[in-house]
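None of the figures in this text is laboratory data; all of them are computed from the coordinates on show. Here the structure is a predicted model, which means the values were calculated and not measured. Methodologically, a virtual Cβ is constructed for each residue, glycine included, from the backbone with ideal geometry; neighbour enumeration extends over all protein chains shown.
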Amino acid sequence: MWRSLSGLRHKDSSKQVMQDALAGLSLASMTIPQVLGYARIAGMPAVTGLYTVLLPLMAFSVFGSSRHLVVAADSATAAIFSSSLSEIASPQTAYYTELVGMVALLSGALLLVARFFKLGFLSDFLSRTVLAGFMAGVGVQVALAMLADMLGVVVHTRNSLRQAYQLALSLPHVVPLAVCLAIATSSVLWLGERWCKQVPWSLAVVVAGITMGWLYPLQAYGVHLVGAITAGLPSLHIPRVAWDDILALLPVATSCVFVMIAQSAATARAAADSFDETVDENKDILGLSLANVCAALTGAFAVNGSPTQTAMAIKAGARSQMAQGIFSLITLCVLLFLTKPLQYLPHCILAAIVFNVGVGMIRLRVLDAIRRESPGEFWLAVMTGVTVVCLGVEQGIFAAIALSLFRHVRHSYLPHTQVLKKDPVTGLFEAEPVKTGSFSEPGIVIYRFSADIFYANSTRFADDIMLLVQPGLKSIVIDASAITDIDYSAAVVVRKLLQDLVQRNICIIFGRVSVYLKSDMDRHFISQIVGESNIFPQLHTALAEARRHVQK
């Protein structure tokens, strides 16, 4: 837990310990109200939000590698399983709680498998672009889910579009006092975040809400309170779920695991970069696995690396997992001694806190920066967010992965191709688009294909070459600097192309051939057609051979 303190002198270490202790206190004051709200998103009793920052947080502190990542309740994973499990059992029921615990247990098991096979690289399959869109979609979904409590009405669906429709129909029945309290809470949080970030405003509004709920009969005006919260430590037990339901929960747990790996890795990397540190993604996966197992055994729900809480910890001055350890101890004190006051907290205030968290997940500046730099990636992010809102978080995470891979495959399918031509002023070769009539030198074309050649883009390669075939052409030099692999299907197309060019008495010469490409060319008999004497590791030697051929 105190990994980051081991290299400090005693005096500096004592100072850092004090700083981390104060950061843990500050983190608890800001985060405890949030985890109570995340329990609402999860459809679980409010006390289970506190359970997520007890043993699970301690487990990651001990076994994870990141010095800064806060692993606790998270809106993204809560939204994933709550939207799916509500179709099997009603939220807040005993069996629903067992289902939620089983999702956490399955997530822990899948994460352990991922650690065994060192699958930390899976986080790379979620690009920052679609992850931004995914988080924005989750933010919209969370905000819509909280509007019902903020308005004092009830909706009977987990689908965001249907929620919006039911909210519109419920507008004549809103509770005015609940709306006023929600607006006041949101205003305080919004203004406080901009004018005085050092103050734990979430804690302040929670204390104010509890005071009002205790002193005034808010329920008489239609304002619902959190109600009794179970005091004391959680009981340890293994979730009991029917076998058929366990099979149905596997896709849900898989979706949660993808989000956990991707979001936790991205958050840990960002935090480490701020302090010029490194993280071990696979070790963090082990920490996440054990944290989720602890959550399942203590009656809580799936936990994840939280971007917002990690940012809070860093902002509060935390520099090691000791701050998270202090946070867990404070949570223990709350569970033992302070649960009774929490029952007076109005739902509309708790919902407003989570609503602001959801809105904060919609990072418009990031999306705008993506739009200005890469409009194509921006629309991929938008499509991911729309999928989350319209179809659900589970479908959104798979859409995010699919769109990330689609963009990569699209670049490989339609790679940049150029003809290198001499600039008349500098005499240096410059790249130009492929077009009919292009010559690099009299009788010679230097062609560059900027991707590996595989089954999907091999036709593009052949079409470009045939487009360059023209009267007077004697040699084509292939700049293969970007080609490291040729698959079987592509090799069939390339062999046919080369044989056709040989029949036309056009010499094909490969330059900048890597050892990897040469191995593929040998295996697919391309070297035999081209000739070993026409394959070069440098471009200038390939061009010299082409010039000799033209002069014959």
Let me know the whole percent of all Cα-Cα pairs from region 368-473 that are separated by more than 15 Å.
-> 72
Using Cα pairs closer than 8 Å and at least 6 residues apart in sequence, work out the relative contact order for the chain, in percent.
-> 23
Rounded to the nearest 500 deg cm²/dmol, what is the calculated helix-only ellipticity per residue at 222 nm for the chain, with -39500 (n - 2.57) per DSSP H run of length n ≥ 4?
-> -20500 deg cm²/dmol
For region 130-214, what D do you get in µm² per second when you plug the Kirkwood radius from alpha-carbon pairs into Stokes-Einstein at 4 °C and 1.567 mPa s?
-> 89
Beyond 19 Å, what share of the Cα-Cα pairs of region 116-165 remains, rounded to the nearest whole percent?
-> 47
Among Ser489, Thr308, Met521, whose Cα lies farthest out toward the positive end of the dipole of the chain, if unit charges sit on the beta carbon of Lys, Arg (+1) and Asp, Glu (-1)?
-> Thr308
Could you name the lysines whose alpha carbon sits less than 24 Å from that of Lys197, not counting residues in the same chain fewer than 8 places away?
-> Lys15, Lys315
Convex hull volume of region 8-116 per residue (C-alpha atoms, cubic angstrom) | 107
Restricting the count to DSSP beta bridges whose residues both fall in the chain, what percent are antiparallel, rounded to a multiple of 5?
-> 50
Name the chymotrypsin sites (Phe, Trp or Tyr not before Pro) in region 255-363 that are in a loop by DSSP and that have at most 13 other C-beta atoms within 10 Å, would you?
-> Phe275
Beyond 30 Å between alpha-carbons counts as too far, so tell me which of Lys421/Lys518; Lys435/Lys518; Lys283/Lys518 fall in that bin.
-> Lys283/Lys518
Rounded D (µm²/s) - region 298-346, Kirkwood Rh over Cα pairs, Stokes-Einstein at 20 °C, 1.002 mPa s | 166
Cα gyration tensor of the chain - equivalent ellipsoid semi-axes, whole Å, descending | 58, 25, 22
Shape parameters for region 87-172, alpha-carbon atoms, Rg then Dmax in Å | 17.7, 55
Which value, to two decimals, describes the C-alpha radius of gyration of region 240-327 once divided by 2.2 N^0.38 Å?
-> 1.25
If you wrap a convex hull around the Cα atoms of region 502-552, how much volume per residue is inside, in Å³?
-> 65
Gyration tensor over alpha-carbon atoms, region 408-552, equivalent ellipsoid semi-axes in Å | 22, 18, 15
Report, to the nearest 10°, how far helix 458-468 tilts away from the longest principal axis of the Cα atoms in the chain, using its own Cα long axis and a range of 0 to 90°.
-> 40
How about region 470-527: which chymotrypsin sites (Phe, Trp or Tyr not before Pro) there are in a DSSP loop, with at most 13 other Cβ atoms within 10 Å of their Cβ?
-> Phe525
Report, please, the projected area of region 280-323 averaged over directions, based on the convex hull of its C-alpha atoms, in nm².
-> 3.7
Averaging sequence separations of C-alpha pairs under 8 Å and six or more residues apart, then dividing by the length of region 171-233, give the relative contact order as a whole percent.
-> 39
Determine how many Å³ per residue the convex hull of the Cα atoms of region 251-381 encloses.
-> 172
